[in-house]
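What follows is a short report on a single structure.
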């Protein structure tokens, strides 16, 4: 019996030792659409919650991941990057880490995922699932099944009790759930609770949201209880010393009110008033003696209104103020309470009205950010470095974030030359011989631009498209000829192209011109002055196109090779020296142009400007909760320069203030002062903090 028991213990121990520990990182948003950013956490959280019920595997809690991310501050690193995933896995003590990305377009969502061995950095598996965005559970189940299968553990959709096969949840509901997670993470659990309550009302079967709501409710209950206990403890001696029968009772409570009010202790003031109510005192009792008309109830309501208004609890201000105004219309505090009531009503109305049409405004701001970003490609100094792979990424962004706009969004777009801005990418597409995208642009313009002037512009654009198609047909034969020459052209054929290298650029096939120049250099050593002149032109084309299509470092290597061949060009020393000088200057100019391209386009994430625009719109429309979430994303996801970071920290502090999250105001202000002690906003923020409710 004893041996059997020991054997069982050994098996349990062995299973525990060999159980895999897996971390699931947040998913990257590859859509370029900022409104889906929160899904990054939501997808990971749902997988973690679901797979935590599976036997034979230990899933790292999301809270540990969030804490680690706050500590290491990844900046613009992508979770899907293997090195980043490996770093996270090690920090979480996991053997494997699942990382992924998602892409949303129209009604389809695609999830890409891969499991990485934390020790080696090797990819254990890479999978992709896609489907209708309004049947998210189906995608979730596919991904969970794939992970379970690859780590050899049992899984079924009803194992966790979170959902059953066939149940549906829309992407919008998952986004709401994800937004609630974000708000909870930045200390705004009350707002997270409201979002979850609304989501569950729309879909009662969304048990992930139900469970999260219960957790938040329980946490809020504990926090509120602790807060009340602390306040009561602080006021305990004051309350115990009160004697309602004492002639000085009115003066005693008046002193407490004045002290709490002047020290900005509004929560203590409300708690003190509640304690007085619990004493079951006569509410008609005259506070300052029979000669004074002010009753205890009148004063309690007045101080309630004052404190609630300072704490920005506007719904409660309205309830208290209405009661006061109804019962004490002749009170000396009537105007003060009325002013608080009007302020509360106005703010709540602005928040309610601000929600109307905000989606179209946000979409317009998104278009503005992406158009400003993508249209920089029209600068020739940028376009010369764009290869086919990068062009495909820009096309994807343009089609998903600009070309998909509807007439309402265009109407909200505050741009004086909308048509020109919207269609500037037409020239970029033309540069890459992308007829399909040019056709898509014309088709979109016919739908979203209905003014007569814009219709004329669309007609003109359509004519440009037809002209391009005609010329493209004419160019096809020439391009075929260049392709043949680049592979097996004779010396004479190669020379003909190189002599007219500049005119051949009109066919926009720099890859072919590079190949032709390279072929000539490799196969034909110059033997006379004419050959040398052609050879130097070939080197010029070869080095310049290498810089643009490959890299400037590679071009510099080839430049050094040419410099080492000076003896081959003695007969044309002047021409050779001139070519060397010009190429040296060309490479310097190209390096400068490329640095600008990297800074202004290639290495710049357009979502920074999108989120900045979103935050501005949220602020203007009094949607402060969304503003907080957006500014936090800017600070967490991107490496901002010092000026932008200071501004965002300051504006985040103010949005917390507008919501009445004063603890968050203090934390954010402290961070701003710590990072930028002599910054532009330090003095202003210090002044705000000094007057905050305690």
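Considering the range 390-418 alone, what residues qualify as being surrounded by fewer than 16 Cβ atoms within 10 Å (Cβ to Cβ) and in contact with a helix residue (DSSP H, G or I) (Cβ under 6 Å, 6 or more places away or on another chain)? Scanning the range 390-418 gives 407, 408, 415. Candidates 54, 60: the one that is closer than 16 Å to residue 21 by Cα and at pLDDT below 90 is 54.
For the range 351-389, the tally of residues that are surrounded by fewer than 14 Cβ atoms within 10 Å (Cβ to Cβ) and either without any contact (Cβ under 8 Å) to a residue 60 or more places away in the chain or in a helix (DSSP H, G or I) (or both) stands at 8. One residue stands out in the range 412-432 among those that are under 16 Å from residue 396 (Cα atoms) and not in a helix (DSSP H, G or I): the one that is farthest from the chain's Cα centre (by Cα), namely 432.
Condition check ((1) buried (at least 17 other Cβ atoms within 10 Å of the Cβ); (2) closer than 16 Å to residue 484 by Cβ; (3) at pLDDT below 95) across all residues:
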position: 495; (1), (2), (3): yes, yes, yes
position: 501; (1), (2), (3): yes, no, yes
position: 505; (1), (2), (3): no, no, yes
position: 509; (1), (2), (3): yes, yes, yes
position: 512; (1), (2), (3): yes, yes, yes
position: 524; (1), (2), (3): no, no, yes
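Among the residues of this structure, residue 166 counts as one that is surrounded by fewer than 20 Cβ atoms within 10 Å (Cβ to Cβ), free of Cβ contacts under 8 Å to residues at least 24 places away in the same chain and outside any helix (DSSP H, G or I).
Look at the range 44-58: where a residue is loosely packed, with under 15 Cβ neighbours inside 10 Å, no partner that is in a helix (DSSP H, G or I) sits 6+ places away or on another chain with Cβ atoms under 6 Å.
Somewhere in the range 261-276, is a residue at pLDDT below 85 and either in a helix (DSSP H, G or I) or over 20 Å from residue 341 (Cα atoms) (or both)? No: zero hits. Here the range 119-132 is the region considered, the condition is being in contact with a helix residue (DSSP H, G or I) (Cβ under 6 Å, 6 or more places away or on another chain) and modelled with pLDDT of 90 or more, and the residue that is farthest from residue 58 (Cα to Cα) is 131.
For residue 78, the criteria (1) within 22 Å of residue 32 (Cα to Cα); (2) within 19 Å of the chain's Cα centre (by Cα); (3) surrounded by 21 or more Cβ atoms within 10 Å (Cβ to Cβ) hold in every case but one, which is (3). When each of 220, 147 is tested for being buried (at least 20 other Cβ atoms within 10 Å of the Cβ) and under 24 Å from residue 64 (Cα atoms), the lone residue that passes is 147. Listed by position, the helices (runs of 4 or more DSSP H) enclosed by the range 490-542 that each have at least 3 residues that are closer than 18 Å to residue 562 by Cα are 510-523.
Within the range 431-460, residues that are buried (at least 18 other Cβ atoms within 10 Å of the Cβ) sit with their Cβ atoms under 7 Å from residues that are not in a helix (DSSP H, G or I), at 6+ positions apart or across chains, in these pairs: 448/405; 448/406; 458/449.
The values are calculated or read from the model by the stated rules, or taken from the named source; none is laboratory data. Note that this is a predicted model, so its numbers are computed, not measured. Because the Cβ atoms are built from the backbone with ideal geometry, glycine has one as well, and the counts that use them run over all protein chains shown.
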